[in-house]
Amino acid sequence: MSGKLVAIVKAPLVSEKSTRESVQRKYAFWVDLKANKIQIKQTLEKRYKIKIEKIASMIIKGKVKRVRANQPGRTQDWKKAVVTLKPGHEIKFN
């Protein structure tokens, strides 16, 4: 089962915006493109021992980049989940 947990939530997103939102108990994660909100919630609650109030998930489209001799290419699409925790819960990233 732990292999499944790792596959759904890939990594926390630590940026200026996500750090600012952590004061409001909001945390951002890079998740599997096929994962739904229920799977994300179950995975995060088990991994971090927290209670989740709300989840907002969105698919971020890949950007157009130049590769090899000016040929256009695209980066991969990915999914982001912004999780709001219940009062009294927080996540500490080392």
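Criterion applied to Arg20, Arg66 was being in a strand (DSSP E or B) and out of contact with any strand residue (DSSP E or B) (no Cβ under 6 Å at 6 or more places or on another chain), and the one residue passing it is Arg66. Candidates are the residues of region 71-80 that are in a strand (DSSP E or B) and without any contact (Cβ under 8 Å) to a residue 60 or more places away in the chain; the one that is farthest from Asp32 (Cα to Cα) is Gln71. Taking residues in region 30-54 that are within 20 Å of Ser18 (Cα to Cα) and touching a residue at least 40 places away in the same chain (Cβ under 8 Å), and partners anywhere that are of a type in the set (A, V, I, L, M) and assigned to a loop (DSSP other than H, G, I, E, B), the pairs with Cβ atoms closer than 8 Å and at least 6 places apart or on different chains are Trp30/Leu13; Tyr48/Ile91; Ile50/Ile91. Among the residues of region 85-94, those that are under 11 Å from Ser22 (Cβ atoms), touching a residue at least 40 places away in the same chain (Cβ under 8 Å) and not aromatic (Phe, Trp, Tyr) comprise Leu85, Glu90, Ile91. Looking only at residues of region 36-52 that are assigned to a helix (DSSP H, G or I) and within 13 Å of the chain's Cα centre (by Cα), we find that the one that is surrounded by the most Cβ atoms within 10 Å (Cβ to Cβ) is Leu44. The criterion of being crowded, with 16+ Cβ neighbours inside 10 Å, within 14 Å of the chain's Cα centre (by Cα), modelled with pLDDT of 95 or more and not in a helix (DSSP H, G or I) holds for Ile55. Look through region 58-89, keep the residues that are among the small types (Gly, Ala, Ser) and more than 23 Å from the chain's Cα centre (by Cα), and return whichever of them is surrounded by the fewest Cβ atoms within 10 Å (Cβ to Cβ). Among those residues, the one meeting the criterion is Ala69.
The values are calculated or read from the model by the stated rules, or taken from the named source; none is laboratory data. Computed from a prediction, not measured in an experiment: that's the story for all the values here. Using ideal geometry, Cβ is built from the backbone for each residue, glycine included, and neighbour counts are taken over all protein chains shown.
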